[in-house]
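Here the structure comes first, spelled out in structure tokens, and everything after it is commentary.
Bear in mind that the values in this text are calculations on the coordinates, not laboratory data. Computed from a predicted model, the values in this text were never measured in an experiment. Cβ coordinates were reconstructed from backbone atoms using ideal geometry, including for glycine residues, and neighbour counts include every protein chain displayed.
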Amino acid sequence: MDDLPPRLRAVCDLLMPWVREGAGRHEYDGRLPDYSAAGVTDALSRIGAGDPLDDPHDEAHLRAFEEFLRVSYGELEMHRRNPLDHLDALDLACYDREYAPAAEREAALSRHLAGWPEAADIAVRTLDRVPAPVARALLG
């Protein structure tokens, strides 16, 4: 059973690398976000869909994150400009921590690595608006 309200789940799904590492949401272990144009469009369609949170303070924070995602991924299309989103999705460092038994972390690491080829293909297809100086700096 999902312990997150749908609106919060939608935010977490789009920020998967951040919430896995920073918030310890290990249901995202072994998974990579879909930062393709279609994947982001689909993810953005779920942003804001659902009931308001009961706590006004939490609701205000959630609305701020939803707006951030709409601007960042919808208007600015940062998944097309910023290679860091794609690189963060590939990061394996979180599996080094001893938050779970070694076998469980190793299995998640293996699933994560198995997704690398598709994630790399998505990055190559999607990153069509990277500024030239950024692209040159990343060539090495």
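Worth pointing out:
- Within the stretch 1-110, GluC sites (Glu not before Pro) in DSSP loop having at most 11 other beta-carbon neighbours inside 10 Å: Glu98
- Computed log₁₀ I(q)/I(0) - Debye formula, equal Cα scatterers, no solvent, the stretch 1-71, q 0.12, 0.16, 0.19, 0.23 Å⁻¹: -0.31, -0.56, -0.79, -1.12
- Each of Val19, Pro133, Leu76 was scored by the projection of its Cα onto the charge dipole of the chain, and the greatest displacement toward the positive side belongs to Pro133; charges sit on the C-beta of Lys, Arg, Asp and Glu.
- Candidates His61, His79, His26, ranked by Gaussian network fluctuation over the chain, Cα under 10 Å, top entry: His61
- Adding -39500 (n - 2.57) for every DSSP H run of four residues or longer, then dividing by how many residues the chain holds, sets the calculated 222 nm ellipticity at -17000 deg cm²/dmol.
- Taking a ≥ b ≥ c as the square roots of the Cα gyration tensor eigenvalues, the chain comes out oblate, since a/c reaches at least 1.5 and a/b does not exceed b/c.
- Three-way shape call for the stretch 68-140 based on the alpha-carbon gyration tensor, with the a/c threshold at 1.5: prolate
- Backbone phi angles across the stretch 124-130, fed through the Karplus curve with coefficients 6.51, -1.76 and 1.60 (θ = phi - 60°), yield HN-Hα couplings of 4, 6, 8, 7, 9, 10, 5 Hz in residue order; Gly and Pro are listed as x.
- Candidates Ile47, Val124, Ala102 compared by Cα position along the dipole of the stretch 12-135: farthest toward the positive end lies Val124, with charges placed on Cβ.
- Sites Arg129 and Leu92 - FRET efficiency at Förster radius 22 Å, r taken between beta-carbons, to 0.05: 0.25
- Cβ charges +1 (Lys, Arg) and -1 (Asp, Glu), total dipole of the chain, debye: 620
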